[in-house]
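Read the structure below first, then the notes.
None of the figures in this text is laboratory data; all of them are computed from the coordinates on show. Worth saying up front: this structure is predicted, and the values here are computed from it rather than measured. Cβ placement follows ideal geometry from the backbone for every residue including glycine, while neighbour counts extend to all protein chains displayed.
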Amino acid sequence: ICVPAVPVLFKQALENTDTEEGKSVSLRCELTKADATVVWKKGGATLQASAKYEMKQKGTVAELVIHNAEPEDA
């Protein structure tokens with residue numbers, strides 16, 4: 001029996017978040033499938049883990065933390 005893969009959907013999408021310049025900000029989304037692969041992008045560029053960007057994922061919740069936020073991070 002061939003069972004088609006169930007697509008991963010957003011249960012809770014990203015929300016607009018404000019922060020002060022120089023502070024950290026956390027962006028979270030919730031998916032319908034635990035441990036699905038998540039790729040964070042800004043424009044067309046894929047973000048990589050660094051001192052600036054921290055990616056976390058636990059179960060169905062994916063999180064991007066932006067440290068030392070600047071206006072260019074909008």
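Points worth noting:
- Scanning the range 39-58 for residues that are of a type in the set (A, V, I, L, M, F, W, C) and touching a residue at least 24 places away in the same chain (Cβ under 8 Å) yields a single hit, W40.
- Residue in the range 22-38 that is free of Cβ contacts under 8 Å to residues at least 24 places away in the same chain and not hydrophobic (A, V, I, L, M, F, W, C) present: yes
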